[in-house]
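Worksheet for the structure shown next.
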Amino acid sequence: MRLLLVHPSALMYSEIFLRLEPLGLERVAGAARDAGHEVRVVDRQVLSERVLRDEVRAFRPEALGISLNYLANIPEAIELAVKVKREVPDCFVFFGGHSVSFVAEDVLEQAAGAVDAVVRGEGEPAIAPLLEAVRDGGVEGVPGIVTAAGRGPAPLMMHGIDSPLPARDLMRNRRRYFIGELDPCASIEFTRGCPWDCSFCSAWTFYGRSYRKASPEAAAEDLARIREPNVFIVDDVAFIRPEHGNAIADEVERRGIRKQYYLETRSDVLLRHPEVFERWARLGLRYMFLGMEAIDAEGLDLFRKRISPDENVRALEAARRMGIQVAINLIVDPAWDEERFRVVREFALSVPEIVHFTVMTPYPGTEIWHTESRRLTTRDYRLFDIQHAVVPTTLPLDRFYEELVRTQAVINRKHLGLRTAFGAARILGRNLLHGQTNFARMLWKFNQVYNPRRQFADHGMPVRYELPLPRPVDVGDRRQLYVHTRPAPQTSPPRRS
Ligand code: B12
Ligand code: SF4
């Protein structure tokens, strides 16, 4: 069967810092190809709308799958589905991915017939049975499926994540994937799932709080196949199990693989096993993203992060000692006033780390989606990108964005300060020499993209598709939030050693 897979455009406010390959979609493509189907992929993050239109006309897909990890992409995906149905009326159109798994029924209804099904949960085990059923009938019986007829059987979860291999070779324009100065950059997965349960996050609810590890051999084999010199490790929390991090490191050393890495982890994981991170720093780990979320204990408790401010400070010191550049994330509460923004700016300027801000956003699939008592001020999917305020702000909304952008700008100037500029100039020169311009563009695009008036004006866009309202759910029973439900879910976070 001819299958076209599509990843929507990059979100407006994240594309300046990064643009990464859609690994989940590549794995779905790999599974479909392994089952004997003819597969093509268009990633709208790096390919134009014209390329997609030409591909639809030339390839005339029998099935079209669109990846929806991000809520903010839902309107774009529905509009694309409508266009494709017009162009190729017999094409079976389906959505899959993280976010759409939590709002499947609503999205199907909103698409008004342009979308035939939504696949909830992991795509690899679902894709071959789905394509078979599209050909032979019986789509309603595919695990994870939601159609106009309702939900099919529960989604299947793979035992291990070693296969299928991501179909990286199907991607065009790979050199446009980058993160900061790691330009170009590929992505890899060492583990899947997260055993913690932060209230603002849906990573744990999607996988029913499970946690799976790739075998060190498979992880190193996948790494060895990557052509790019830089690799982003997509794991929610890297190296939770030190023996797993060490076993992959053994393989990487044995094979003589040399890359530069960027990963995400937690302060307590870093502090518990600094030796693993030190070892990876020797192997090329250059950047680390720490979701600190808040600078005080009250904020950390609110998000149920189970970390203390002291642990965060010690983690930053440890990373500095290892020579790893850290990017910190802080969650901006829409309730912040000028004084709070000022305190946070002071903190951000006092540390040498890169500081990012995301706006506290209740999402379907998170606990705060059901418990956040502040009413939503908008239900426009496009604004659920954690750069917009979707619950009431204490400051007038335009003032809130002024403070937010001012804070981001102050920090951006810090990064572009003299010391950084000298370092960046060297990297720029090296990248430009190799024809890589993503990092250079990022440095100069900030003022164009981050503009408080533009962010405020986004709230005035005409709204066609709206996020459903939260349904009443007893969050005391976690399983009601899960996409993948396991027989015996873990109920407490991992023990500290
Ligand atoms: C790596 C990652 C990124 C990367 C790579 C993104 C990319 N291009 O794919 C980077 C760093 C760029 C990124 C950026 C952002 N991210 Co992000 N990201 C993740 C993370 C940690 C892992 C995703 C991943 O690669 N997993 C591994 C692969 C194998 O799994 P997967 O992509 O989920 O795909 C599987 C299924 O979803 C499904 N599937 C996927 N596509 C399809 C398609 C079809 C047709 C089918 C059938 C199935 C299917 O099958 C796949 C295989 O099992 C997730 C959290 C999580 N654990 O899911 C957050 C997550 C998806 N990100 C999130 C957010 C908020 C963002 C940002 C908006 C943050 C920001 N403001 O900067 C940006 C937006 C990026 C953009 N699109 O422009 C949120 C999504 C929230 C939401 N409800 O919309 C998540 C859930 C994190 C969270 N804590 O809440 N992200
Ligand atoms: S530790 Fe990170 S990935 Fe895990 S639940 Fe918390 S925020 Fe989500």
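Let's see how each residue does on (1) more than 19 Å from Glu109 (Cβ to Cβ); (2) of a type in the set (D, E, K, R):
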| residue | (1), (2) |
| --- | --- |
| Val51 | yes, no |
| Asp54 | yes, yes |
| Arg57 | yes, yes |
| Asn69 | yes, no |
| Asn73 | no, no |
| Ala77 | no, no |
| Ala81 | no, no |
| Lys85 | no, yes |
| Cys91 | yes, no |
Taking the stretch 44-59 and keeping residues touching a Ser or Thr at 6+ places or on another chain (Cβ under 9 Å) and not in a loop (DSSP other than H, G, I, E, B) leaves Glu49
Conditions: (1) buried (at least 18 other Cβ atoms within 10 Å of the Cβ); (2) within 14 Å of ligand 1 (Cβ to nearest atom). Val88 meets all but one. Number of the miss? (2)
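Looking at Ile74, Ile78, Ile16, Ile66, which one is crowded, with 17+ Cβ neighbours inside 10 Å, in contact (Cβ under 8 Å) with a residue 60 or more places away in the chain, in contact with a Phe, Trp or Tyr (Cβ under 8 Å, 6 or more places away or on another chain) and in a strand (DSSP E or B)? Full working, then the answer.
Working: Ile74 fails: in a strand (DSSP E or B); Ile78 fails: in a strand (DSSP E or B); Ile16 fails: in a strand (DSSP E or B).
Result: Ile66 is the single residue among Ile74, Ile78, Ile16, Ile66 that is crowded, with 17+ Cβ neighbours inside 10 Å, in contact (Cβ under 8 Å) with a residue 60 or more places away in the chain, in contact with a Phe, Trp or Tyr (Cβ under 8 Å, 6 or more places away or on another chain) and in a strand (DSSP E or B).
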Pick from the stretch 326-371 the residues that are at pLDDT below 90 and of a type in the set (Gly, Ala, Ser): which of them is nearest to ligand 1 (Cβ to nearest atom)? Ala327
Give me the residue from the stretch 291-324 that is farther than 14 Å from Arg266 by Cα and assigned to a helix (DSSP H, G or I) and, out of that set, farthest from ligand 1 (Cβ to nearest atom). Arg321
The stretch 169-190 residues that are part of a helix (DSSP H, G or I), paired with ones that are within 13 Å of ligand 1 (Cβ to nearest atom) (beta carbon under 6 Å, 6 or more apart): Leu170/Ala29; Leu170/Val41; Arg176/Val46
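Only one of these is under 27 Å from Asp197 (Cβ atoms), at pLDDT 95 or above and hydrophobic (A, V, I, L, M, F, W, C): Ile233, Ile295, Ile257. Name it.
Values: Ile295 fails: at pLDDT 95 or above; Ile257 fails: under 27 Å from Asp197 (Cβ atoms).
After applying the criteria, what remains is Ile233.
Are any of the residues in the stretch 229-246 away from ligand 1 (no atom under 15 Å from the Cβ) and buried (at least 19 other Cβ atoms within 10 Å of the Cβ)?
Filtering the stretch 229-246 for residues away from ligand 1 (no atom under 15 Å from the Cβ) gives 229, 241-246.
Filter once more, keeping what is buried (at least 19 other Cβ atoms within 10 Å of the Cβ): 244-245.
Yes, the stretch 229-246 has at least one match.
Against the definition (within 9 Å of ligand 1 (Cβ to nearest atom) and not assigned by TED's automatic domain parsing to the domain that holds Ala219), how does Glu122 come out, yes or no?
Details: within 9 Å of ligand 1 (Cβ to nearest atom): yes; not assigned by TED's automatic domain parsing to the domain that holds Ala219: yes.
Spelling it out, Glu122 is indeed within 9 Å of ligand 1 (Cβ to nearest atom) and not assigned by TED's automatic domain parsing to the domain that holds Ala219.
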Kindly indicate whether any position in the stretch 204-211 is hydrophobic (A, V, I, L, M, F, W, C) and under 14 Å from the mean Cα position of the chain (by Cα). yes
Out of the stretch 1-13, which residues are surrounded by fewer than 22 Cβ atoms within 10 Å (Cβ to Cβ) and either touching a residue at least 60 places away in the same chain (Cβ under 8 Å) or closer than 16 Å to Pro125 by Cβ (or both)? Met1, Arg2, Ser9, Leu11, Met12, Tyr13
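Taking Asn312, is it in contact with a His (Cβ under 8 Å, 6 or more places away or on another chain) and either within 26 Å of Phe17 (Cα to Cα) or in the same structural domain as Arg399 (by TED's automatic domain parsing) (or both)? Let's see the steps before the verdict.
Numbers: in contact with a His (Cβ under 8 Å, 6 or more places away or on another chain): no; either within 26 Å of Phe17 (Cα to Cα) or in the same structural domain as Arg399 (by TED's automatic domain parsing) (or both): yes.
So Asn312 fails the test.
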Output the residues belonging to the stretch 212-225 that are under 20 Å from the mean Cα position of the chain (by Cα) and assigned to a loop (DSSP other than H, G, I, E, B). Ala214
Output yes when any residue across the stretch 128-141 is more than 10 Å from ligand 1 (Cβ to nearest atom), among the basic types (Lys, Arg) and in the same structural domain as Val93 (by TED's automatic domain parsing), and no when none is. yes
Pairs, please: C-beta under 8 Å, at least 6 apart or cross-chain, first residue over 15 Å from Glu189 (Cα atoms) and in the stretch 223-244, second within 15 Å of ligand 2 (Cβ to nearest atom) and part of a helix (DSSP H, G or I)? Pro242/Arg272
Of the conditions (1) in a helix (DSSP H, G or I); (2) surrounded by 19 or more Cβ atoms within 10 Å (Cβ to Cβ), the single one that Ile328 does not satisfy is (1)
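Residues in the stretch 101-112: is at least one assigned to a loop (DSSP other than H, G, I, E, B) and either within 16 Å of ligand 2 (Cβ to nearest atom) or within 30 Å of Tyr207 (Cβ to Cβ) (or both)?
Filtering the stretch 101-112 for residues assigned to a loop (DSSP other than H, G, I, E, B) gives 103, 111-112.
Okay, now just the ones that are also either within 16 Å of ligand 2 (Cβ to nearest atom) or within 30 Å of Tyr207 (Cβ to Cβ) (or both), so 103, 111.
Yes, some residue in the stretch 101-112 is assigned to a loop (DSSP other than H, G, I, E, B) and either within 16 Å of ligand 2 (Cβ to nearest atom) or within 30 Å of Tyr207 (Cβ to Cβ) (or both).
Among the residues of the stretch 194-228, which ones are within 9 Å of ligand 1 (Cβ to nearest atom) and of a type in the set (A, V, I, L, M)?
Residues of the stretch 194-228 within 9 Å of ligand 1 (Cβ to nearest atom): 194, 198, 200-204, 206-207.
Across the stretch 194-228, the qualifying residue is only Ala203.
Condition first: basic (Lys, Arg) and not in a helix (DSSP H, G or I). Now tell me which residues in the stretch 241-267 satisfy that.
Residues of the stretch 241-267 that are basic (Lys, Arg), as a first pass: 241, 254-255, 258-259, 266.
Correct list: Arg241, Arg258, Lys259, Arg266.
The values are calculated or read from the model by the stated rules, or taken from the named source; none is laboratory data. Bear in mind that the values here come from a model prediction, so they are computed numbers and not experimental data. Counting neighbours? That spans all protein chains shown, and the Cβs are built from the backbone with ideal geometry, glycine included.
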